[in-house]
Amino acid sequence: MHIARTIDDLRAYLAPYRQATAFVPTMGNLHEGHISLVHQARAHGEAVVASIFVNRLQFLPHEDFDTYPRTWESDCDKLRAAGCDVLFAPDERALYPEPQTCKVQPDPALADILEGHFRPGFFTGVCTVVAKLLNCVQPRTALFGKKDYQQVMVVRHMVRQLALPVHILACETTRSEDGLALSSRNGYLSAEQRAEAVQLARTLQGMAKALRGGHADIAHLEQQAHEQLGSRGWQPDYLTVRRRSDLQAPLPGDPLVVLGAARLGTTRLIDNLEV
C-alpha cells in the first residue's frame, strides 16, 4: 500500500489510472464499516484509494477535534489487509496550506435541518473537505456509508450541482450482532452504555414497523419515540420520519426514512432506517 502525504505525490502515483479509481474518505479510527467500504470499492475501480484526515472544519468549537481518536498504525494494518492500494494521509498543512477561506456552502434546505440544525456549519465543513479530497483523488466512484444518511444526500447534491465527474455510491450500514450501527464514536461508550446503545436502533425499528403497519399519525409516533428513549436516560436531538428524496416532511405515498440522533451520556449517536 502506497502512503501519499502530499497532493503532488498522490496525483503522481494515480496518474496512470486516468480516474479509474474508487475512493473511500475517512477520518481514521477505522472499524469494520470502513473496511466494508474498502472491500466494496474493489468492484468500482482499478485502484482503491482511502484517505485519513481529521477535518477541523466540521467540528464545532465544543466538539471533540483534539480528542478524536487517532489510531494510525491500526488503521494502516486494516487497510493493507483489506487490499487498499493507496492511502492519502495529508496533514493540515498539506491539505490546507493557507486558511481555507473559500468554502462550499451546501443548499440550506437540505443542510440546515436535522444534523445541520443541531451542528450549525457542520455540512459546510463536510462539503469543503469532500470537494477538496475529490479534486485531489479525482476518482470515478466515491463510497460513503448510509449511517450518515443526510451527509450522503448533501454530498450527492453538491456533486450534482458542481458537475463533478464522480459517482457517489451509498453503501448499507454495517452493524454489530445486536444491531448497533458501527461508529468511531462507539469507542467512547462505557460497557454499560454500550449495552444500552442498541436501543437507538431498536427505537427506529419500532417506528419503521409502525409505519409499515399503516400508522399515519407521524407526530404522535415521533413523540412516543422521544419519550421512550428519554425514559431510558437518553437525550434525543431528533427522532423523525422524513421522505427519502429531500428529508422534508413526507406526503402520502412518499418513500420514507426514519432518522435519529441522541446523546447517551456524553456520546452522541446517530442512526437511520429506510422504510
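Values quoted throughout were computed directly from the atomic coordinates according to the rules given, and no laboratory measurement underlies them. As the structure is a computational prediction, the values presented were derived from the model and not from experiment. Backbone-built Cβ (ideal geometry, glycine too); neighbour counts: all protein chains shown.
Each peptide in 246-256, 168-178 receives the mean, over its residues, of other Cβ atoms within 10 Å, and ordering these scores from highest gives 168-178, 246-256.
Taking label positions 7 Å along the Cα-Cβ direction at both ILE3 and TYR68, the computed distance is 1.9 nm, reported to one decimal.
With both labels modelled 7 Å from their Cα along Cα-to-Cβ, the GLN193 to GLU274 distance reads 3.1 nm. Overall, the chain carries a charge dipole of about 480 debye about its Cα centre when +1 sits on the Cβ of Lys and Arg and -1 on the Cβ of Asp and Glu, all other atoms neutral. Compared with the dominant Cα axis of the chain, that is its longest principal axis, helix 218-230 is turned about 80°.
Overall size of the chain from C-alpha positions, given as principal axis extents largest first: 56, 41, 37 Å. Sorting the segments 199-211, 98-110 by their residues' average number of neighbouring beta-carbon atoms within 10 angstrom, most packed first, yields 199-211, 98-110.
Considering all different alpha carbon pairs of region 27-179, the Kirkwood hydrodynamic radius works out to 16.3 Å. Computed from Cα atoms alone, the Kirkwood hydrodynamic radius reported for region 1-102 is 14.4 Å.
Checking the cross-link filter: which lysines have an alpha carbon closer than 27 Å to that of LYS78, excluding same-chain neighbours under 8 positions apart? The reachable lysines, counting only those whose Cα sits under 27 Å from LYS78, are LYS132, LYS146, LYS147. Look at the alpha carbon pairs under 8 Å that are at least 6 residues apart: their mean separation over the length of the chain gives a relative contact order of 17 percent. Between ARG263 and GLU177, residue separation times 0.36 nm minus the direct Cα-Cα distance comes to 28.8 nm.
Taking Cβ atoms as reference points and 14 Å as the exclusive limit, the residues near LEU10 contribute a net charge of -1, counting Lys and Arg as +1 and Asp and Glu as -1. Within the listed set GLY125, GLY213, GLY230, the residue fluctuating most in the Gaussian network model of the chain (springs between alpha-carbon atoms under 10 angstrom) is GLY213.
Working out 0.36 nm times the residue gap between ALA43 and GLN248, then minus their Cα-Cα distance, what length gain in nm do you get to one decimal? Fully extending the segment from ALA43 to GLN248 adds 70.5 nm.
To test your reading of the geometry: what angle, between 0 and 90 degrees and rounded to tens, separates the Cα axis of helix 191-212 from the longest principal axis of the chain? Roughly 70 degrees, rounded to the nearest 10. The C-alpha atoms of the chain define a longest principal axis, and helix 149-161 lies at about 50 degrees to it. The largest-to-smallest principal axis extents of the Cα set in region 146-275 are 46, 36, 24 Å. Each Lys or Arg adds one and each Asp or Glu takes one away; over the other residues whose Cβ falls under 13 Å from the Cβ of LEU251, this sums to +1.
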